[in-house]
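**Q** One structure, pasted below without further comment.
The values are calculated or read from the model by the stated rules, or taken from the named source; none is laboratory data. Please read these numbers as outputs of a predicted model, since none were measured by experiment. Positions of Cβ are generated from backbone atoms using ideal geometry, with glycine treated the same way; all protein chains shown enter the neighbour counts. Heads up: the accessible areas ignore ligands, DNA and RNA and are worked out on the full protein's heavy atoms, side chains in. Shrake-Rupley method; radii C 1.70, N 1.55, O 1.52, S 1.80 Å.
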Amino acid sequence: MNKYLQLYIFLFLACVSFNLSAQDEHIYGKVTDRNDKPVYGVSIVNRYTGAGTTTDFNGNFTLYMTPGRMNVVEFSYIGKETQIEEFYLRRGDVREINVTFWDLDIVLDEVVVRSTIYRPPTRTAVKLNPREFESIPTVSGNIEDILPMLGGTVSNNELSSQYSVRGGNYDENLVYVNDFQVYRPFLVRAGQQEGLSFINPDLVQGLEFSAGGFEAKYGDKLSSVLDVRYKNPKAGTSSGSAYASLLGVGAHIEGANSGGNLSYLAGVRHKSNKYLLNSLPVQGAYNPSFTDFQALVTYKFDEAWELQWLTNYARNRYELAPDSSRTSFGTFNDALELRVFFEGQERDRYTNWMNGLSLNYTSDDARLKLKFMGSFYDINEIEAFDIEGAYLIGSVETDFSQEDVGEINTVLGVGVYHDFARNQLKSNISNVGHRGYLDINSGEHFLRWGLDFQHEEIEDRLNEWFTTDSSRYNIPYHGTEVRLNEVLKTDISLSSNRLMGFIQDDFSLYTGENDELAVSAGVRFNYWDLNKELLLSPRIQIGYSPELKNFKFDPEKHLVEHRWNLRLAGGLYQQPAFYRELRNFEGEINRDLKAQKSLHVVLGSDYIFNMWKRPFKFTTELYYKEMWDLVPYDLDNLLIRYFAENKAVGYAGGIDFRLNGEFVPGTDSWISLSVMQTKEDLKDDFYLQFLNAAGEDILRSDDREIVDTLNVEVGYVRRPTDQRVTFGMFFQDHIPGNEKLKMHLRLLFGSGLSTNPPNSNPRLRGFFKIPSYRRIDIGFSAMLFDFDKMRRQMYEKHPLRRFQSVWASLEIFNLLGVNNTVSYSYIKALAANGSGEVIYSVPNQLTARRVNLRMVVKF
């Protein structure tokens, strides 16, 4: 470890000594059309200086700029949508900007604008450029780590890519990659087992995320949608990247032939977070190994037709031979400690193979687009563990005058537990679909439609049990008889079909010379032959944006004019069960389970303003969700155990605030704050209330004092994902005068989630609270090599000439060393006085402070 630190310190110091020659500040790049063909004669104008140029026959351009201020450059061409690029150019900067005209997503999006400040007014989705988050310091390295910065999204486990949105759980989020839906693992119980997310950040061109009120073109889930677009390499180009760190390695390549009819994009990743897992309270022999390979290949038959193939193979392995654990909890005056000594091991296998094929058609005028899709998922998950634990729980000496301070001075309980499982789940998901897009009125009126047929085959074999023995007495106590508890044994085969579709109309109305009122309205349908339920889900989004078309710039103050984007969205969002919702605590399947339903109302605004002579955007969204036919569940780490009954109603409401912009010139930062409440009311959740002679409620009393009993309904209680306040920040800075040395800070705070013991009294549901989640990750990065800066100093055969850039990073995870709690284990023991069993809630803690070293090379 010391050798690695010495090497990186040397590299950091070396990068400071780089002396760069001065250059004229300018931008350069290429303008292409939807078929990657160069566009000649595009007008390119700097709105501040009035300087301009046009593209040559190859679509290339160069435009000299004025440094030290915000630049706004307009790209325009007759019959094409004008595009705006805004950026801060510093002295000596040379920046590449490539623009694609009429680069319409096959059926999903309007013209792609890469700016994070501006977006169409109707949509509740925020559009993100993943390159702005390349240096975000995270444990997992997954692109989902961006989402908590946006508001309304909660991620309380740094080891996992799962997230909950506005009171929903992990199963309520839609994820698409190039229009193919992605599925989360079924059997994963904890973040350390999960491994790599499906989405490879190196392959991503752009993404959009909506936390609610999304359009009809997206599927049937209750909470959110993450729409990811992979890169489309330009004709005659080739590039790639590679990275290595203490947590894993990866590489990707991309390119296209000179004619542009064949392009490829491929990436491979390997992750082994053994170094990180050794900071968990459970000590032992960790052997995690997570590997995946992805590729996207596109072949263009002609100007109209193209074929795309997306493939992914993921092999995730998690092995653990635990040795011991030592967990301290309680308060200073009532400090407790649990010690466990283990025997046995855990060996989990998760394999996922996905193939997707799409045939795309684009008419000559790009007004009609058709997409025919087919995909197949083969998922095989095996969970196997056989672990015995001998435990001792006791109170800890806190008097510093005593010799045994910090040690157990009173034993409160001892026992042995045995946890066993041999589970396997296989699922095959086949899908064929069609998407259509029609431009009815030259970019002002669009019609979209889609149809999908999906076949699912699931085989679920479970064999797991758990038993506890305290002082040679089985818990629950049955005298001398030993009984297993929490037994789950099933062998289920499930085959079903779904038919889904939508139609959506997008149009704009001009209410004034520069004002625009935009409307997106549509309806979805979903039919599942397992429960014979037909669902219709109307949805609408309305946006109003004054001065949206006329983007103005003050040349004296160098400022973008202030403006508002206002939007209202709502509709019906219904989520048919997939599989896990059908299975109850006993492993039985409820084939008659109906879809969970919710009504969304979202009122939002974007306020674009200027601060420190740079544009910023402040976003506010106020939302309310009324929910019925809910399927209640218990949440334990990442494991969701459903009741498998439509036996609850509920609601979620709150407000999200987000501010993003260049707090430091040239670097985007994000700050978000969310306040939310979500509750549910379960049917028939009565408990027995004991009353004394005065009519007072008696929780613990002598039987002789009880004179009456009442059946009391619990009413509304907190849902397991009720996190009232969350705050996220991603802040970037650099050394003044030296932008090659940067700092990246990620801060997360979430107030306590609700929890309760399993199979507890209905009165205790959501009664207890997990401590707040607090985490700061910080990274320091240095550019060791920049080709754009050094090109004039490099001869033709220079060994680094093929490299675009080289970055080195030093990251500190959990900077403050906070012991965050992800869930509780409930340890049972017989009371010392023999009066019965006592339950102790012991926190399951997440990772401690760790240092990571990372190197990234782009070529």
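**Q** Rounded to the nearest 0.05, what FRET efficiency is calculated for H26 and L307 with R0 set to 30 Å and r the Cβ-Cβ distance? Could the numbers behind the result be given before it?
**A** Working: r = 39 Å, r/R0 = 1.29.
E between H26 and L307, to the nearest 0.05, is 0.20.
**Q** Please turn the phi angles of segment 330-345 into ³J(HN,Hα) values with the Karplus equation 6.51 cos²θ - 1.76 cosθ + 1.60 (θ = phi - 60°), one per residue in order, whole Hz, x for glycine and proline.
**A** My calculation for segment 330-345 gives x, 10, 4, 7, 9, 7, 10, 8, 10, 10, 10, 10, 9, 9, x, 7 Hz in order.
**Q** Now, a different point. What is the extension gain from S825 to S289, computed as 0.36 nm multiplied by their sequence separation minus the C-alpha to C-alpha distance, in nm to one decimal?
**A** 190.3 nm
**Q** Be a star and scan segment 621-658 for residues whose amide nitrogen sits under 19 Å from the point 7 Å along the Cα-to-Cβ vector of K683.
**A** 626-634, 642-651
**Q** Summarise the accessible area of segment 405-460 (1.4 Å probe, protein heavy atoms) by the percent that is carbon and sulfur.
**A** The computed percentage sits at 57.
**Q** Expressed in nm to one decimal, what extension gain is obtained for the pair I382 and T351 from 0.36 nm per residue of sequence separation less their Cα-Cα distance?
**A** On the way: separation 31, 0.36 × 31 = 11.16 nm, distance 0.88 nm.
Length difference between fully extended and current span is 10.3 nm.
**Q** Given axes a ≥ b ≥ c from the Cα gyration tensor, I'd like to know whether segment 227-284 is rounded (a/c under 1.5), prolate (a/b larger than b/c) or oblate.
**A** Judged from the Cα gyration tensor, segment 227-284 comes out prolate (a/c at least 1.5, a/b above b/c).
**Q** Moving to a separate point now. Residue separation times 0.36 nm, minus the C-alpha to C-alpha distance between W465 and L488: what's the value? If you can, show how the numbers build up before the last one.
**A** On the way: separation 23, 0.36 × 23 = 8.28 nm, distance 0.61 nm.
Gain in length upon complete extension: 7.7 nm.
**Q** For segment 393-460, what is the charge dipole size about the Cα centre, in debye to the nearest 20, if Lys and Arg each add +1 at the Cβ and Asp and Glu each add -1 at the Cβ? Show your work: numbers first, answer last.
**A** Details: 4 positive and 13 negative charges, 135 e Å.
Value, rounded to 20: 640 debye.
**Q** How compact is segment 225-337 by the rule of thumb for globular proteins, expressed as Cα Rg over 2.2 N^0.38 Å?
**A** Output field value: 1.69.
**Q** Taking the Cβ of S279 as the center, what net charge do the other residues with Cβ under 13 Å away carry, scoring Lys and Arg +1 and Asp and Glu -1? The partial results should precede the final answer.
**A** Values: positive: K274, R849, R850; negative: E158.
Overall, the nearby charge balance is +2.
**Q** For the pair N531/V411, report the inter-label distance in nm, with labels modelled 7 Å from Cα in the Cβ direction.
**A** With each label point 7 Å from Cα toward Cβ, the separation is 5.1 nm.
**Q** Just tell me which aspartates and glutamates come within less than 18 Å, Cα to Cα, of K828; anything on the same chain fewer than 8 places away is out.
**A** By straight Cα distance, K828 reaches E337, E388, D419, D469, E481, E486, D636, E837.
**Q** Next up: Would you calculate the separation in nanometres between label points at V249 and D334, each defined as 7 Å from the Cα along the Cα-to-beta-carbon direction?
**A** Spacing of the two 7 Å Cα→Cβ label points: 5.2 nm.
**Q** Taking all protein chains together and a probe of 1.4 Å, list V631, V675 from the most accessible to the least accessible. Spell out each step's value before the answer.
**A** Details: V631 0, V675 70 Å².
Solvent-accessible surface, decreasing: V675, V631.
**Q** Report the accessible area of E739, computed with a 1.4 Å probe over the heavy atoms of all protein chains in place, in Å² rounded to the nearest 10.
**A** About 50 Å², rounded to the nearest 10.
**Q** Please compute the modelled spin-label separation between E586 and N441, points set 7 Å along Cα→Cβ, answer in nm with one decimal.
**A** 6.0 nm
**Q** For a Förster distance of 45 Å, can you work out the FRET efficiency between the beta-carbons of Y183 and E713, rounded to the nearest 0.05?
**A** Numbers: r = 37 Å, r/R0 = 0.82.
Efficiency, from the Cβ-Cβ distance: 0.75.
**Q** Can you tell me the mean projection area, over all orientations, of the convex hull of segment 702-780's alpha carbons? Units nm², please.
**A** On the way: hull surface 34.7 nm².
Averaged projected hull area, Cα only: 8.7 nm².
**Q** Please give the net charge around N431, taking every other residue with its beta carbon less than 12 angstrom from that of N431, where Lys and Arg add +1 and Asp and Glu add -1. Mind showing how you got there, number by number?
**A** Details: positive: R498; negative: D179, D452, E456.
Combined, the nearby Lys, Arg, Asp and Glu give -2.
**Q** How would segment 603-693 be classified by its alpha-carbon gyration tensor: rounded, prolate or oblate, with rounded meaning a/c under 1.5 and the a/b versus b/c comparison settling the rest? Before the final figure, lay out each step's value.
**A** On the way: a/c = 3.20, a/b = 2.88, b/c = 1.11.
Prolate.
**Q** Would you give the gap between the C-alpha center of segment 141-181 and the C-alpha center of segment 563-599, rounded to a whole Å?
**A** 16 Å
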